[in-house]
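See below for the structure under consideration.
The values are calculated or read from the model by the stated rules, or taken from the named source; none is laboratory data. Worth saying up front: this structure is predicted, and the values here are computed from it rather than measured. Neighbour counts are summed over all protein chains in view; Cβ atoms, including those assigned to glycine, are modelled from backbone coordinates with ideal geometry. Calculation scope for accessible area: heavy atoms of the full protein, side chains included, ligands and nucleic acids excluded. Shrake-Rupley method; radii C 1.70, N 1.55, O 1.52, S 1.80 Å.
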Amino acid sequence: MSESKKVALPAYLPRRLQAFRIVQGDTTSYLLRDKLADKTHDLEPWQFFVLEVLPGCEAIGKLLSVFEDRFGRQISEAEVMKFFGWLADNKLLDEESGAHPLLKPFTKQGYALEHGLVKPKSFEELAAAMAPATTMPAAAIAAAGGGAKEGIPEDATLAAGVNEADNLDPRAAGRGWKLFEIKPMLAVLLPLVSPLKWVVYLMPFLGLSALILVVRYAPLAYQDLQTLHDLTNLFTHALTSLFAINITAVFTQAFIAQAFRASVGPLTIALRFGFFPRFVVQIRHTEQLSRRERMWLHAGPLLMRVFLFSMGVLVWYNTRDSFFTLSRAGLAIAFICAVNIVLEGGNPLVKGNGYHLLAAFMNEPHLRGKSYLAFMSKLRGGSASEADSSVLVTYALANFLYAFLIVAVIVMIVTKFLAQLQIGGMTIILSLVLFGYLLVRTAQRFSKISTAYERSVQFDRWRRRAMPAEGGEAKQVDTPIQRTTVYVRTAIVFSLLLLLFLPYPYDAGGTFDIYPSDRQVITTDVSGIVEEVNFIGSESVKKGVVIARIAATDLKSEINVLTAKIAEQAAVIKDLQARPKKEEVMVAERALDVARKHEQFTRDREPRMERLYKDRAISFEEYDAARRDHEVDVDEVAKRAAELALVKTGVTPDKIAAEKAKLDALVEERATLSGKVDRTTLRMPFDGNILTLHLNERLNSVMEKGQPFATVENTRQVTAEIQVPESDIAYVAIGATIRAKPAAFFDREFVGKVQTLDRNVTVKPFGNVVKVIATIDNPKGELKTGMTGYAKIGGTTMPVWKAFSLALVRFISVQVWSWIP
């Protein structure tokens, strides 16, 4: 099965032609179709390659060298010339081909006299006559013809994107240790890797997604970076950078160079900054590359770093809670890629891929030197021909600011270290000396770059002396700056100065966590079997609604018994309070009368019994029994009289009080049991939500005393705990308005009020904070417990310059002040 695809038509071929690549199995060929003549011409892959690289190869030696690098074999000059002759004979060269040194001989038709007739000569015969008798190796021909550029003069200027590039400019190549040749591997893998170029269309989505995740979950990323810092060391980070990022970027650039027909050297290890190992691949024969191809040579490694950064962030975020090792590996790769992109590879202010990409885009081989001269020209109030560009001046200013920033950061780090040594005023002196030294070194470096650019310009002028421009070299004429420009610039400066003193509402702020205003754990002090559950969990419930019930049969039985005892005791008390009763008094009186009558009878009987005893009519025992009966009756009369008096007196208050105390004890015991019965019914204490899930599974289970049944909370009004930096707490007041943006609702603001300021300072890994408690109305329940985000607290008003320089002012007012002896 064969596949055909239309490809770009090489240079120097007529525009009427169409080029197609034919792939049949493992065999590839090319076809040229002439639409006007209705003809087709078959080309071998090497012939089509020669046509593609012709614009960059004006010497036969260079063409043969590039061919050998691409196909790994040599080709003779006779074969090339014969191919050119075939093209000319078939009218496949356009009018522009005469401008190419190798094709120019084949653009003029020659004629010969044969049998008295004038006939055109074949260009293939001309090619055979032009070819040398012996075939020299491609390397030798390239060296003889000057095709190899290893002997490039020091002041010569190469193409933008190649000039001064470490692995593209032979003059910038440093020392290294060659490992192995990767050209054969690139040739085999290139067809497999080529489809991956379409991934570049996903880069905006991947990069934007990674940036959104990093910004939204910055606290989590910072926390995990702290953990990663504790678990790894600098050597581990260096190995990760070397074998995961550097090697990937190097092979990406090597594949792109192979695809663009450049020569790829062996994989080499070189030392960056004299001690840091990095993989490097030297790429040569870049003169034939177009500006677009040079840009891709530097854009490819940058896009690969962006891809690794994006994938690292996505891996970290999606595996953070499940795969610890994989998550930390993704975070490490993302962090190292980000540092590399910001500080080196993607920074156009540092000589890396970003700088050379910008240089190729602007087509400025000496971007830095040219921008510095343009900046100095602006400062002197003049203009400098082509260097007088606002873009170049802006770039130079950015370089100066970046250099100053680097110097300032170094000085601050060293100063902080010296301050810990507590050497007093020597800290300021040493810091000033270091600051001056770094400024001098930076100025010298800028001066060397400018001098190098001027020397390259002088070299180019010397090289073009043999080919002066028409009318001679134009003389630069300095023109005065127009008054309108001066006025506009002055107005802008004064406007910016006035802007710095405008009032600006400064808001303190910090990350926050959401907590409910009310939160309770529903439980009871009564153990028993759960006989009723009315909710599953996670519902919104009104206050007083029954959530569950616990069986209370034994308690209710005890309450019934106590109720009966209470009724009995109440009756007793009522009876006591009703005494003395009339009937009881009558009974007591009757008993007294009976006792008196009986006593009267025995009293009258005693004398008779005494006389009978004296008359010896009865025995002494009978007389004595009569006398004792009288004494007993006397005592009985006294007893009955006392009982009558007692009945008439009634019940004493102490007796009634004692019985009432018994009644109160019984009532209290019943109330205690009734309270327990009430507590077997679990109710919602307020309007809110049930947090506990699967409550229905507790049905018919035994609930022990004090065991939690469910957790409920009220989120109609929530509490936000804001972690405000210690340095900003002076701008926070109770009652101030807050504006909170949760991560879940990043497009909305929730307004609240500050209620309390923590009296303690909390130490965090990123600095000290003071917790500020604020309340936020949440009628719809959108804010959930545990949500995080960022909140700003309405503070004070201050000038713009102060609001945006508080950190610097604070540093000077506290840190620098502490260094002064």
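Across region 659-687, what is the number of residues that are open to solvent by 50 Å² or more (accessible area, probe 1.4 Å) and among the hydrophobic types (A, V, I, L, M, F, W, C)?
Looking only at that region, the number is 4.
With the requirement that a residue be among the hydrophobic types (A, V, I, L, M, F, W, C), touching a residue at least 12 places away in the same chain (Cβ under 8 Å) and over 30 Å from residue 668 (Cβ atoms), what does region 560-586 give you?
Matches in region 560-586: 585 only.
Going by what's in this entry, would residue 651 be described as more than 30 Å from residue 535 (Cα to Cα), outside any helix (DSSP H, G or I) and in contact (Cβ under 8 Å) with a residue 24 or more places away in the chain?
Judged against the criteria, residue 651 is a match.
Can you tell me which residue within region 1-17, out of those that are assigned to a strand (DSSP E or B) and exposed (fewer than 15 other Cβ atoms within 10 Å of the Cβ), is farthest from the chain's Cα centre (by Cα)?
2
Of all residues in region 29-75 being assigned to a loop (DSSP other than H, G, I, E, B) and open to solvent by less than 20 Å² (accessible area, probe 1.4 Å), which is farthest from residue 6 (Cα to Cα)?
Only one residue fits best here, namely 75.
Return yes or no: is residue 775 open to solvent by 20 Å² or more (accessible area, probe 1.4 Å) and in contact (Cβ under 8 Å) with a residue 40 or more places away in the chain?
Taking the combined requirement at face value, the residue satisfies it.
What number of residues within region 617-630 satisfy the criterion of being within 27 Å of residue 586 (Cα to Cα) and open to solvent by 40 Å² or more (accessible area, probe 1.4 Å)?
Qualifying residue count for the region: 1.
What residue, among those in region 742-758 that are without any contact (Cβ under 8 Å) to a residue 24 or more places away in the chain and under 30 Å from residue 225 (Cα atoms), is surrounded by the most Cβ atoms within 10 Å (Cβ to Cβ)?
758
Please go through (1) open to solvent by 30 Å² or more (accessible area, probe 1.4 Å); (2) closer than 26 Å to residue 68 by Cα for residue 234 and return the number of the only condition it doesn't satisfy.
(2) is the only condition that residue 234 fails.
Given (1) over 21 Å from residue 318 (Cα atoms); (2) open to solvent by 90 Å² or more (accessible area, probe 1.4 Å); (3) among the basic types (Lys, Arg), where does residue 216 come up short, assuming only one miss?
(1)
Scan (1) in a helix (DSSP H, G or I); (2) modelled with pLDDT of 90 or more for the single condition residue 775 breaks and write down its number.
Only one criterion in (1) in a helix (DSSP H, G or I); (2) modelled with pLDDT of 90 or more is unmet by residue 775, namely (1).
Can you tell which of 678, 604 is within 30 Å of residue 540 (Cβ to Cβ) and among the acidic types (Asp, Glu)?
Checking each option against the conditions leaves just 678.
Got a number for residues in region 284-307 being open to solvent by less than 30 Å² (accessible area, probe 1.4 Å) and closer than 22 Å to residue 347 by Cα?
9
Name every residue in region 778-795 that is surrounded by fewer than 14 Cβ atoms within 10 Å (Cβ to Cβ) and in contact (Cβ under 8 Å) with a residue 60 or more places away in the chain, in order of residue number.
Listed by number, the residues that qualify are 779, 781, 786.
Identify, from the list 98, 85, 25, the residue that is at pLDDT below 85, closer than 30 Å to residue 254 by Cα and small (Gly, Ala, Ser).
Exactly one residue qualifies, and that residue is 25.
Let me confirm something: among 690, 729, which residue is among the aliphatic types (A, V, I, L, M), open to solvent by less than 60 Å² (accessible area, probe 1.4 Å) and closer than 15 Å to residue 516 by Cα?
Exactly one of 690, 729 is among the aliphatic types (A, V, I, L, M), open to solvent by less than 60 Å² (accessible area, probe 1.4 Å) and closer than 15 Å to residue 516 by Cα, namely 690.
Tell me the residue from 243, 275 that is within 30 Å of residue 220 (Cα to Cα), at pLDDT below 90 and of a type in the set (A, V, I, L, M, F, W, C), please.
Step by step, each of 243, 275 is checked, and only 243 is within 30 Å of residue 220 (Cα to Cα), at pLDDT below 90 and of a type in the set (A, V, I, L, M, F, W, C).
If you check residue 633 against the conditions, is it among the acidic types (Asp, Glu), exposed (fewer than 13 other Cβ atoms within 10 Å of the Cβ) and free of Cβ contacts under 8 Å to residues at least 60 places away in the same chain?
So residue 633 does not fit the description; no.
Among the numbered criteria (1) of a type outside the set (A, V, I, L, M); (2) outside any helix (DSSP H, G or I); (3) free of Cβ contacts under 8 Å to residues at least 40 places away in the same chain, which single criterion is violated by residue 707?
That leaves (3) as the condition not met.
Of the residues that make up region 527-544, is at least one in a loop (DSSP other than H, G, I, E, B), within 30 Å of residue 669 (Cα to Cα), open to solvent by less than 30 Å² (accessible area, probe 1.4 Å) and at pLDDT 85 or above?
There is no residue in region 527-544 that is in a loop (DSSP other than H, G, I, E, B), within 30 Å of residue 669 (Cα to Cα), open to solvent by less than 30 Å² (accessible area, probe 1.4 Å) and at pLDDT 85 or above.
Inside region 254-267, can you point out the residues that are within 38 Å of the chain's Cα centre (by Cα) and open to solvent by 20 Å² or more (accessible area, probe 1.4 Å)?
255, 256, 259, 260
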